[in-house]
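These notes are about the structure you will find just below.
The values are calculated or read from the model by the stated rules, or taken from the named source; none is laboratory data. None of the values given here were measured: they were computed from a predicted structure. As a convention, Cβ positions derive from the backbone with ideal geometry for all residues, glycine included, and neighbour counts pool all protein chains shown. Please note that ligands, DNA and RNA were not included when accessible areas were found on the heavy atoms of the full protein model with its side chains. Shrake-Rupley method; radii C 1.70, N 1.55, O 1.52, S 1.80 Å.
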Amino acid sequence: MENDKLFFISAVIFFAFAGLVLRNFPFSQGNLDKTMPPVITSYDVFANTEQTKWIYDSEQAYYYNQARTGGIEGVIGTHPTLYYIFIATFTKLTTLPVYQTAYLTVNILSILIILQLFAIFNKLFGAETALVALAIGTIPAHYWLFPMYVGFQYDYFTFATIPTILFLLVHRLEINITRTQRIMMYTLFGFLFIEQFLGHYVELIFYAPFFAALPLFFVWKKTITIKEYTTAIIVITLIMTPFLLYFLPLTIKDHLKGGIKAIQGQVSSGEGSKHVEYFPWPRFDFWLNIFSIIGIFTIMLNFKRNLQSSQRTTYLLFLVYLIIIGFSNVLFNISANRAERQLFQGYPFLVLLPALGITIITELTLTIIKKQNMTRIAITVILTLILLSTWNNTYNELNAIDDAALVDDNKWQSVVWIRDNTPKDSRVFFLSGFEHEFSMLSERVNLKGDLNRGYTMRNIKALCQKTYPEEYFGEWALREYGKYGEETYTKKRTGITTFEDIVEPFQNENEGYIFNGPDRGNQSVPLKFFDYVVLQYKGTGFDHCGGYFINQSLEIGHTLAWFNDAMAIIKINRSVQK
Amino acid sequence: MITKEELKPLIITASILAFAALIGTIFTPTSWQGMFSLAFAIFAYIILPGYCILLNFNLTSLERTIFGMPISITLVSIALYSVDIIGIPLSRLTTITIILIISIIGLVLRKYTTTTSSS
């Protein structure tokens, strides 16, 4: 079948595009020109989109959007930003809105990871196994796509480089390359590690130890020399050092305040090691489990042969390492949030097991019935079965997730109105109607009141009792800190580890209102702190309370700036006492 | 700098993307400008630079195309991250310039990376 290139390439192209459509279409409905985010499910999705749009609009990633920093301009960014730079600049080459490309690029990266594994399987386990793995990988059960639509999108960005490093390592073990090629390969390793660090450092922390230790195994086996290993370490260190020196002090100072302990905290503490409630269980269905057992059995049967091949050994060791990382919350008390995400990302690696099982059963069957020349037909049937058995269910489940999304057109119109019609330094209070910080897409400093948060119910309860509150409780959207508003912002860097012009949120204000944490919603501000209030007055179950707020606001001197069938925007007159 | 044989996968990939854009234009609500610009962006940003870099290694065309993609994304993004620090705007022009520079570096390096046989 290796010679049947047309069939082979056609299948690769078909499944790559089918996988892309499956991931994107249920959310975008195929309209990539639409200027509304296709995925509206969680905080992370909104935060990623907002940050990307800011970089796209301002054409720089050095400073944060002032809406993200409580209104302070010129604050140096401390969050790993490479992923957002990638999407923003990629979008620059298209006519599409960032709202669409922010999700589309994740879909592309997801397919890219699967394609890389396909190429690795093709090299190590044969074309048939690779094609079956490709089909299972591109058309998975819907829960395997959970990190994609829930907002763990930077995981895909950094994880996409893991198979690349693995492949280059396998390539090095297979072929004697020249000294210049070696230097170039290790230079690429350095950049790939830096991509992980600047994109979402968790993957670097998880996988760098494996990639540092594995070559030592091959030094011991005399596949590579100690001199080459040392050269690799030196080259990679030289590439990484300038970026570490530049970014680490920034992120340690703010985002990872607490130094090494905080970095450890990203993976090993604070979030608990128990299964995260809202994560689905990463699992194969019944038949894939059966085939996986056969696949494992096949690997065990060929254990000696596999060990003789450095390339197969590398892959299988990584597979074991990945599974250990995926269950490291159970095994080593690592944060489940971090550990379980690796299993979702590792799905394209894991599908080798059922793919091997399916291929072996097929080959065995064809041998028994003496029809080995029908391999291509058999593989075509298997690929079709995989497609038919999974596509509909996954597509419908993703559609259902989209239908249950948090924001409708009415709400989006109010966000767009704020974004397009108010001064950049306006402060907006989203009194009701928005959950999970969709309000951050208004690109304004905003306090949001979720109906799913107890403290913001206080605002609504007061209004329902026909009391126009003097103080309003809420939570700052566009947060950057673990403890909201408690930390400081840096506006000027004077050296590798030295910073000046460190300011607190709202310190440049002279109005006397301070909203600086430390916990969610335990503080409140008067209405005149804001320039606009956005609220849902219809379809909330508290409609008369919203109605009371609007009427009372107009009565005391504020004005109605905009409204539609469900949403209203009040312009606050700051000279009014309440 | 680049042989006809090495150019072929790039032409095939560009044709596949263009065909996919055409299909997308016909069967989805997305405009033809959106679809074709997306195809261009995937080719220019995600495929071209990494493919040129991997010409320096003895790989198959399929491997070069596939593994060139994460390498493209990595190198172009990091280069843009670096120019942003020194104040160059992350514009369309900057992005295209960076893509071209990395692609040319990939081709120029071929002078120094000679091929070798399998062990």
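In table form, for the structure just shown:
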quantity: Test set (1) surrounded by 19 or more Cβ atoms within 10 Å (Cβ to Cβ); (2) without any contact (Cβ under 8 Å) to a residue 24 or more places away in the chain - B:Cys52 fails condition number; calculated: (2)
quantity: Unique residue being under 18 Å from B:Ser82 (Cβ atoms), open to solvent by less than 30 Å² (accessible area, probe 1.4 Å) and either more than 23 Å from the chain's Cα centre (by Cα) or of a type in the set (S, T, N, Q) (or both) when the list is A:Ile236, A:Ile224; calculated: A:Ile236
quantity: Subset of the stretch A:198-218 (residues that are aromatic (Phe, Trp, Tyr), open to solvent by less than 10 Å² (accessible area, probe 1.4 Å) and at pLDDT 90 or above); calculated: A:Tyr207
quantity: Lone unmet requirement of (1) open to solvent by 10 Å² or more (accessible area, probe 1.4 Å); (2) under 20 Å from A:Tyr143 (Cα atoms); (3) in a loop (DSSP other than H, G, I, E, B) for A:Val39; calculated: (1)
quantity: A:Ile9 vs. criteria touching a Lys or Arg at 6+ places or on another chain (Cβ under 9 Å) and at pLDDT below 95; calculated: no
quantity: Residue satisfying condition, being in the same structural domain as A:Thr52 (by TED's automatic domain parsing) and in contact with a Pro (Cβ under 7 Å, 6 or more places away or on another chain), within set A:Ile120, A:Ile85; calculated: A:Ile120
quantity: Residue check, A:Ile290 open to solvent by 50 Å² or more (accessible area, probe 1.4 Å) and either within 25 Å of A:Leu214 (Cα to Cα) or modelled with pLDDT under 75 (or both); calculated: no
quantity: Filtered residues of the stretch A:355-384 (kept if surrounded by 13 or more Cβ atoms within 10 Å (Cβ to Cβ) and closer than 13 Å to A:Leu131 by Cβ); calculated: A:Ala355, A:Leu356, A:Ile358, A:Thr359, A:Thr362, A:Thr375, A:Arg376, A:Ala378, A:Ile379, A:Thr380, A:Ile382, A:Leu383
quantity: Residue check for A:Ala11: part of a helix (DSSP H, G or I) and within 13 Å of chain B (Cβ to nearest Cβ); calculated: yes
quantity: Residue match in the stretch A:243-265 (condition: modelled with pLDDT of 85 or more and in contact with a Gly (Cβ under 6 Å, 6 or more places away or on another chain)); calculated: no
quantity: Checking A:Thr95 against (1) within 8 Å of chain B (Cβ to nearest Cβ); (2) surrounded by 24 or more Cβ atoms within 10 Å (Cβ to Cβ); (3) not hydrophobic (A, V, I, L, M, F, W, C), the condition it does not meet; calculated: (2)
quantity: Among residues of the stretch A:305-342, those that are out of contact with any helix residue (DSSP H, G or I) (no Cβ under 9 Å at 6 or more places or on another chain) and at pLDDT 85 or above, counted; calculated: 1
quantity: Single residue of the stretch A:168-196 satisfying the filter (open to solvent by 10 Å² or more (accessible area, probe 1.4 Å) and either of a type in the set (Gly, Ala, Ser) or in contact (Cβ under 8 Å) with a residue 60 or more places away in the chain (or both)) that is farthest from the other protein chains (Cβ to nearest Cβ); calculated: A:Leu169
quantity: Boolean, A:Lys34 is over 25 Å from A:Thr390 (Cβ atoms) and without any contact (Cβ under 8 Å) to a residue 24 or more places away in the chain; calculated: no
quantity: Those helices (runs of 4 or more DSSP H) lying entirely in the stretch A:117-167 with at least 2 residues farther than 27 Å from A:Ile236 by Cβ and either within 14 Å of chain B (Cβ to nearest Cβ) or of a type in the set (A, V, I, L, M, F, W, C) (or both); calculated: A:127-138, A:146-150
quantity: Residue in the stretch A:70-85 that is of a type in the set (A, V, I, L, M, F, W, C), over 14 Å from A:Glu50 (Cα atoms) and part of a helix (DSSP H, G or I) present; calculated: yes
quantity: Any hit, the stretch A:71-81, residues being charged (D, E, K, R) and closer than 30 Å to B:Thr30 by Cβ; calculated: no
quantity: Search result, residues across the stretch B:17-41 that are open to solvent by less than 40 Å² (accessible area, probe 1.4 Å), under 15 Å from the mean Cα position of the chain (by Cα), hydrophobic (A, V, I, L, M, F, W, C) and within 7 Å of chain A (Cβ to nearest Cβ); calculated: B:Leu38, B:Ala41
quantity: Selected residue [closer than 29 Å to A:Asp408 by Cβ, part of a loop (DSSP other than H, G, I, E, B) and either at pLDDT 95 or above or within 12 Å of another protein chain (Cβ to nearest Cβ) (or both)] from A:Leu32, A:Leu22, A:Leu109; calculated: A:Leu32
quantity: Selection from the stretch B:43-78 of residues that are more than 15 Å from B:Thr97 (Cα to Cα), in a helix (DSSP H, G or I) and at the interface with chain A (Cβ under 7 Å from one of its Cβ atoms); calculated: B:Leu62, B:Glu63, B:Ile66, B:Phe67, B:Met69, B:Pro70, B:Ile71, B:Thr74
quantity: Residue match in the stretch A:276-285 (condition: open to solvent by 80 Å² or more (accessible area, probe 1.4 Å), under 22 Å from A:Phe167 (Cα atoms) and at pLDDT 85 or above); calculated: no
quantity: Residue list for the stretch A:300-322, restricted to those being within 25 Å of A:His142 (Cβ to Cβ) and over 20 Å from the mean Cα position of the chain (by Cα); calculated: A:Leu319
